[in-house]
Structures are given as C-alpha cells and as structure tokens.
Amino acid sequence: MKAEWSRRHVLGLEDLSADEITTILDEAARFKDLADRGEARHTLLKGVTVCNLFFEPSTRTKTSFNLAARRLGADTVDFAAAASSLSKGETFIDTARNIEAMGVDHMVVRHSTSGTPYILTQHLQTGVVNAGDGTHEHPTQGLLDLFTIREHRGTLEGLTVALVGDILHSRVARSNIWGLKKLGAKVIVCGPATLIPAEIHRLGVEVSYQLDDILERTDVINLLRIQFERQRGAFFPSIYEYAQFYGMTADRIRRAKKDVLILAPGPINRGVELTPEVADGPHSVILGQVTNGLFVRMATLHLMHQAREKHLASK
Amino acid sequence: MKAEWSRRHVLGLEDLSADEITTILDEAARFKDLADRGEARHTLLKGVTVCNLFFEPSTRTKTSFNLAARRLGADTVDFAAAASSLSKGETFIDTARNIEAMGVDHMVVRHSTSGTPYILTQHLQTGVVNAGDGTHEHPTQGLLDLFTIREHRGTLEGLTVALVGDILHSRVARSNIWGLKKLGAKVIVCGPATLIPAEIHRLGVEVSYQLDDILERTDVINLLRIQFERQRGAFFPSIYEYAQFYGMTADRIRRAKKDVLILAPGPINRGVELTPEVADGPHSVILGQVTNGLFVRMATLHLMHQAREKHLASK
Amino acid sequence: MKAEWSRRHVLGLEDLSADEITTILDEAARFKDLADRGEARHTLLKGVTVCNLFFEPSTRTKTSFNLAARRLGADTVDFAAAASSLSKGETFIDTARNIEAMGVDHMVVRHSTSGTPYILTQHLQTGVVNAGDGTHEHPTQGLLDLFTIREHRGTLEGLTVALVGDILHSRVARSNIWGLKKLGAKVIVCGPATLIPAEIHRLGVEVSYQLDDILERTDVINLLRIQFERQRGAFFPSIYEYAQFYGMTADRIRRAKKDVLILAPGPINRGVELTPEVADGPHSVILGQVTNGLFVRMATLHLMHQAREKHLASK
C-alpha cells in the first residue's frame, strides 16, 4: 500500500483517502514496533532539515515534531514567528520563503488562521505538514487518535466514537470526524448546543446534547479540551455546569461500556473534562496517545519526504 | 567506588553519602582529564534524550546541562514550561508525564517550589536531576564548588570554608553545607543576621555576622549572590552597606590567608559581592567553576544513566 | 589565496583586505558548489561548539548562522541574552566569559551597541564574528550581498552599485560600502537628506537625493530596509512619500538598465522599499541572497576556525 503514497504535504484528513490514512498508521506501527525492539533512531532523513514554523505558541506539539524529526536523523530548527521579522512588517509568506531559501526541506506549520498551510504550499517547494490551523484541522492529532484506537481495538470499522465538548472551535474534532468516518467508524458529536456547529450533521455525524444519553452505546469517548483561551463569548454558564453535564466521572465510567476507551488530546483540565480518577484510571489511554503522536509524526514526515525525493528526482 | 552507584535521581547533596559525592567528583575529573587530552565528546548517552524542564527562567544552568548532555552524545530538548501548557491550566505533573510519554529518558528540573523534583520522581520513570528547587538545593552547583576546591587543594578534609551572604534564600548554600560537611570541611556561614536562618547551627555550621572576624582563618570564601529578584522584604539597609560589610575587596584579600580561594556561583554583581579587582584577581576561581560545572553535570548524567539502564534491565 | 587567511575574528569589512574578502567569497562559492552536487553537510567543525550570543532580537540571522554551523558539523547553542543573567545585573563581558568557560569555541554576536564584538575579542579566547553591532557593521550581510552580485555579474570591478534608503542607521550600508569599494565597484548612496550622514562622501561614495537621477547608470540597486523600529525621530514626512521617491516600482525598473540587479537585505516592507511586482520579478535576487548567506557564513566560520586551530597549536 505504501507504494501508492505520493503526497508531499499533509494538510488535513479531509484530503486523504482511507488507504492513505491506513498507510500512515501502518508506517507508524512499524516505527513503534522497531522502537520497542530497541531501534528507536533512524537515518532515513539524514541531511534533511525540518523547520517548525509556529505562528501560534505551542510547546507540546512542537516538541513532539522535533523529537520525531530527530529520531529520523533530520536536523531541526525552530522559527518562533512571534519573536521574528513578522513583527517588523514582513508577510508570513515572505517569512516562509526566506526560511526555505536557507535550505529547509520540510515545514511544520501552526497558524491561528485556517488555510495557512495550504497557502504556503502554493508558494514553497518544501514539504508542508499542518500542525494545526485555526479551527480547520490538526491532522497528526487526528491520526494519533485513530492510531491509539486501532491499537486497542484492532480496527476502527464498526466502532462508535463520541467527540465530547467544544466541537465549534476544535480542529481536533474536524480531523477526527474525517478520519473516523473514512475508516468506517460511526461518529457522535456531543456537547452544549452553543458549542456544536449548526450544520455539523451534514458531515454524516450524529448530534447529541446529553453525554448520559449516548454513554451506553459508545466504544470510544474523546474528551475535547475546553479551550478557555479561545472562547471570546460565554458558551456555557459555568465550568461547574459543564463538568456536571459533560465531564467524565467514575460514575459515568460505570454506566459506560465495560471496555470503553477514554481519549483526550490534552493538555487536560483535571476536574473539568474528566476527573483525576478517570484520567489516571484503566480506561484512559491519554499518555499512550502522546507516545503514539511521536510515531505518527515520524511516519508522516517519512512518507512526505519519500514523496518529495521522488518529486525532485522527476524534475 | 563507581560500582556502588545506584541512584537514578540526584535531588540534593543531603541524600548522598560521602562516597557517592566522591564518585561524582572522580567521574567529573576523569571527563575533564579526557577533555584536556582532546577527548571532549563521547557516545555514552547515544540515543538517549535529556529534557530541560525549567519552570523558572535560567539560561546559564540550562546551557551548561545542554552542553554536558550533548558532549555525552545525548539528544537534548528544552521545555520552557512558562510558555507551555501550564498556562493553559495543566498541572506540572501532567506536563512532565506528557514529556516522558514522548520518549524522554532524563529530566533536568528547575522549579521555584522546594521539593518539586522529588515529587516528579514519584510520578515518572525517567531519571530526575534537580537543577535548583526553591530555597532547597542546587546539587550540581554544590558539586562544582566542591570539585573546584578539591582541584585546587587536593582535598576538602580539614579546610575551613565560609559561605558569605544570603544564606536564608540560598539553595546553593544548602547544597554546599551538606557536601562540605560530608567531605570533612568546617563550614562557617556569614552574613547579616536577617539573612541567616535562626536554627542554621543545627546543621553543624559556625555562624558569623562579621566577615572581618573570620577572614584570617578561612581557606575558601564562597560569595553567594545577592538575589535582588528573590527578596521581597528589606533584609539589609542598602547595597552600599552590604558591600561595606560583606563585599570581598582587595583590602580584605590582603588580610585573608595567602592562598585563600574565592568562589562565587554567579552571575556576580561587580562591586557588591566582590570588587572587579578580586573577581579578576589571582585568588578567584570563578570561571574555573563554570568550566567544572560542565564536567560535574556530565558525570552526574552519566552515573544516573548507568543506574537507569541497570534498573530497566532488572525489570 | 586561502593560505594567507589568519583572522580568528570577523568584525567588519573595513578591516579586511580585498584579498581576504575574495578568499571568503571563493570559499563560499566552493561550499555552494559542493551543495549543488549533493554534498551539503561537512564535518570540518566536528566537535566544535558555536554559540549565538544575541543581545538584540533576531530570528533570521541567528537561524542562518545556526544552519551554517550545523552544516559544518558544529554543535550550536543559543544564548538569548535578554532572558538571561544580564537582567540580573551581570555585565555582558561576564556573560560572554561564562559562556566561553562552558567550552564554546566561537561566538556569533549581535548587540545594539557599535563596537561590542571588538570589545569581546579583548576579553575572550573564542573566535568572534559580528552578526550586527549598532549602526557599525554587519559583515556577513555585506559579504552575501557581494557574493550575490559577483555570482550574477562575474565580478564587482567597474560596477556601479546604489545603496538606497536609510544610510544613517544602516550597518548593512556600511559593510557594503567598505566591501564594494575594496572590490572595485563605484558606490552611490541615495536617500532623503535626513537619512544620509553629513560626511559620508569621505568614504569615497557619491551622494544622491533622487533615485530617478541615478537609475539609468546603476548596475545594482540594494534597497535598504526602512527600520521603523530603529527611528526615534521623524526622518521623512510619510511612508507614502518615501515610497514615491525611493521605492522601486515596475516603472522605475523600465527606466533602469536592462539587466539591473535588485537586492534587499530583508525583511522587506512590500509597497515601501519595493513593490511586490519588483520583489517577485526577474531582476530581484532577494531569495538568492538568503541562500548565499548560508554559504558565506559557512565560509566565514570555517576560515575563522582554521585560524583558531593554527593559533592554539602555536601556543
């Protein structure tokens, strides 16, 4: 299946076919397997430079991409766009083209405006991977969620997965919806009506406003982060009320399926999206998600790089 | 002696035996010796990832740990906790566990709260080395002070060492007191009464409020930094008065022992803790301390890593 | 010619002979040639540590030096002086000496005060390369401008080069003037009278206040950046007026020499120093300058390092 991969950019799961998603997951599984057997470091991207171009602050995703690139043998460079020439009036395209001109091969891009990574692909020759753009997509987060579910259940096919919380602002939700549907899962989005986009059912998902209503028929619950820093208006009366209706508690775990999987993209607000008891309990695979993020990003960068090499050779 | 080392964490000199401290110093001396003969780079930590997890700003100590880890062949990653998810409401334990889940082997931790590195050892499988916690300890600073004194005098046994200045807030003082006593030195703490903890004599140190009183019988004077940024109250009337009573001057050098060693953990305030004449004079070993810091940190990381490997193999 | 190189520091083009400048350009051309043939990475500085010591923020120049050093096989460390002990009262010389004591071999220094890199050479044993000091010099920027012109025209000899804009505050202008004159070019400085130093003709340059007057007889036009952040007073009535008189437009390109080269040190203000049409047009070599910056910095660091090795061996 890997022979089919030809993308130099990974901008979102909406663009990828089921086969392409599976190719990434399989490649990630291979890297994880090798690491478990002591082969954690590779030279597949030796001599290659990967730049983290983050126009929005992020320590966690950036660190994960950094470690993934270095495990492949790449050189990494961080370009903290906030502290940079952007503040001197330069456009972000000029900034990116300048970095490219310094000999960078791949850009890992985060930006508060949806669509920015796509725009960059129109102006650069480097590979571009979207590390989160506005409320659009965060494909490697979606992929690591898929990977983690598949790892525990063997397949996504036929599973019912609930995305709980702030669907309106969540790029993680969007990437999950596309990926889960393509791999055959049924998706329920669940949250306060104010945080669920009006036309979301058009994406082929079920909508629920009561976590308790869907608890018994859900195999996987992905607890989206309440992004206090992203909400300009008041979308729910209080954190307390949110936690009452949508927080995952030991009590709700008891009423859920026996083998329910609890995911959360993190950083988590203990006592809000889930209680400490659930976060640290046997159903939680939260830290496994973080570990899998490394392998999914290694797989993504490796596949992109192979496509880039082929592309350059063909010119 | 090295065969006895079994600690995966280095949290403070209070915990270490004299033998363990000597093991680190000997290992550091070996690395320094190799570097002097052109073997500055090693592969002992090849494939290992060391994370600097600093919840308090520090450029100097972080850089020293970074260079030490890389000289051992390790990969390093900085996690600037201030700019990170902590500000999004995550607990510091969750932050650390997330970093661990990304495949980090050792954490170098600085935090403004005493005891934080210890707490992390209770929640992580990684090695933890304390790079300064509150007013508790800064063990590698203590070790590099011991190393520097031993390098110049051959032994700590029987020496009289004065720690001068702000004993109350100084983690460097605490690490020095534990280490010096264990290796057989006599310790005098000297400073304004407001900056000396009431019960400090219980640690087996002599207390002096007048630098001039102890000048003639002291082999080593360690001039602690006046940490303006750490003092919330007014502990002494003025910097001028502090410098008059506790500042090391050319005049005081003349009245001190002929071969007195002047140490300072830095960054120094020229004209406060010591005059430029003293800082750059023949008794000062301040820059030697910085160089030795590199080797002491290499030794610490290497010993910790050997213990970790043994621990993982035994599981 | 390379055999003659003996400088451990590169502080400005004023100090360098024409032969020395040519040596750097030739060495840079060699590195570029090797990169074009697939040999982008070297081990010439293996085991060497290069520190970026930036007392003024800069992402672009720092990244370029970082990538250059790593392509030579060096280890790099950034020392963000703003966030460091400087704020704790330490002098910048003490900061630099501390970094040196950690085992750094070369310092890349940027500082808002002219002459700072020179002062450091008086107190350090490391190599020092000036990455921009006040309004004095920015030699590697000057070198990459020379390199780019020579690359396109074969020689600097006999060319007429105009530096347009804020000559008063521009260290880039100063480095260009010295370098261009030494390699045989005629230099015109052109800008508002308020932004041209009174005695600049003493450097052997022609002065013009009207870009349109010199357009037809100029081979190369280097559009200096209007540094809004550096101007304390009002040096010209408005940006609009500046762009009218000194901005490079498609119309001016039509009136210029057919093969005129357009350079700009960047980051550019589109619509001020030049229009997007010009910036992205066939005469612009702006991105080529960025790429060449990498090779010029590799050449500079490599030559400095050879001189340092010779110097250390001779002691």
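FYI, it's all coordinate maths here, none of it is from the lab. On a predicted model such as this, the values are computed, not experimentally measured, just so you know. Note that we place each Cβ from the backbone using ideal geometry, even for glycine, and neighbour counts take in every protein chain shown.
The mean number of Cβ atoms from other chains found within 10 Å of a Cβ in peptide B:286-292 is 4, as a whole number. Here the dipole of the protein assembly as shown is about 1060 debye; that uses its Cα centre as origin and unit charges on the Cβ of Lys and Arg (positive) and Asp and Glu (negative).
With N the number of residues in the stretch B:139-289, Rg(Cα) / (2.2 N^0.38 Å) evaluates to 0.94. Using the average count of surrounding beta-carbon atoms within 10 Å as a protection proxy, the listed peptides A:201-210, A:290-299 rank, highest first, as A:290-299, A:201-210. Charges were assigned to the Cβ only: +1 to each Lys and Arg, -1 to each Asp and Glu. The resulting dipole of the stretch A:1-75 about its Cα centre is roughly 460 debye.
Backbone phi angles across the stretch C:152-169, fed through the Karplus curve with coefficients 6.51, -1.76 and 1.60 (θ = phi - 60°), yield HN-Hα couplings of 8, 10, x, 8, 9, 3, x, 7, 9, 10, 9, 9, 10, x, 8, 6, 4, 9 Hz in residue order; Gly and Pro are listed as x. Semi-axes of the equivalent ellipsoid of the stretch C:261-308 are 30, 10, 6 Å, computed as sqrt(5λ) over the eigenvalues of the C-alpha gyration tensor in descending order. Counts of other chain beta carbons within 10 angstrom of each beta carbon in peptide C:52-63 average 4. Centroid-to-centroid, using Cα positions, the stretch B:40-79 and the stretch A:289-315 are 27 Å apart. Entry note, chain B: the mean residue ellipticity at 222 nm calculated from DSSP H runs of n ≥ 4, each adding -39500 (n - 2.57), is -12000 deg cm²/dmol after division by the residues and rounding to the nearest 500.
Each peptide in A:248-260, A:12-24 gets a packing score, the mean of other Cβ atoms within 10 Å over its residues, and the list from highest to lowest is A:12-24, A:248-260. Computed on the stretch C:139-290, with alpha-carbon pairs under 8 angstrom and 6+ residues apart, the relative contact order is 24 percent.
Our note on the geometry: Cα centres of the stretch C:18-34 and the stretch A:149-219, 59 Å apart. Summarising the label geometry, the points placed 7 Å from Cα in the beta-carbon direction at B:GLN122 and A:SER112 lie 3.9 nm from one another. Compactness of the stretch A:35-144, taken as the C-alpha radius of gyration over 2.2 N^0.38 Å, stands at 1.07.
Between A:ASP280 and B:SER314, what is the FRET efficiency for a Förster distance of 25 Å, r being their Cβ-Cβ separation, to the nearest 0.05?
That gives a FRET efficiency of 0.45.
When the C-alpha to C-alpha distance is required to be over 32 Å, the pairs from B:LYS186/C:LYS315; A:LYS310/C:LYS258; B:LYS32/C:LYS62; A:LYS46/C:LYS62 that qualify are B:LYS186/C:LYS315; A:LYS310/C:LYS258.
With label points defined 7 Å past Cα in the direction of Cβ, position B:GLN244 shows copy-to-copy spacings of 6.6, 6.6 nm, given to one decimal and shortest first. Between helix B:92-101 and chain B there is an angle of about 50 degrees, using the helix long axis and the longest principal axis of the Cα atoms. Counting, for every residue in C:96-105, the Cβ atoms of other protein chains within 10 Å of its Cβ and taking the mean gives 6. Rounded to the nearest 5, what % of DSSP beta bridges with both residues in chain B are antiparallel? In chain B, approximately 5 percent of DSSP beta bridges are antiparallel ones.
Computed from the C-beta positions of C:GLN227 and A:LYS258 and an R0 of 56 Å, the FRET efficiency is 0.30 to the nearest 0.05. For B:MET107, the residues whose amide H sits under 5 Å from its own are B:CYS51, B:GLY127, B:VAL128, B:VAL129, ignoring neighbours fewer than 5 places away on the same chain, with H placed 1.01 Å from N. Entry note, chain C: relative contact order of 21 percent, from Cα contacts under 8 Å with a spacing of 6+ residues. In this simple spin-label approximation, A:ARG37 and C:ASP36 carry label points 7 Å from Cα along the Cα→Cβ vector, and these lie 4.4 nm apart. Shown here: the protein assembly as shown, whose C-alpha atoms stretch 87, 83, 49 Å along the first, second and third principal axes, sorted largest to smallest. Applied to the stretch C:134-142, the Karplus parametrisation 6.51 cos²θ - 1.76 cosθ + 1.60 on θ = phi - 60° returns per-residue 3J(HN,Hα) values of x, 9, 7, 8, 9, x, 5, 5, x Hz, with x for Gly and Pro. Each Lys and Arg contributes +1 and each Asp and Glu -1, all at the Cβ; summed about the Cα centre of the stretch B:139-289, the dipole is approximately 360 debye. Against chain C, whose longest principal axis is taken from its Cα atoms, helix C:171-182 shows a tilt of about 90°.
Taking only the C-alpha atoms of chain C, the Rg (one decimal) and the largest Cα-Cα distance, Dmax (whole number), read 19.4, 60 Å. With neighbours defined as other Cβ atoms within 10 Å of a residue's Cβ, the residues B:SER112, A:SER284 order from fewest to most as B:SER112, A:SER284.
Cβ crowding within 10 Å, taken as a proxy for footprinting-reagent exposure, orders A:HIS106, A:HIS311 from fewest neighbours to most as A:HIS311, A:HIS106.
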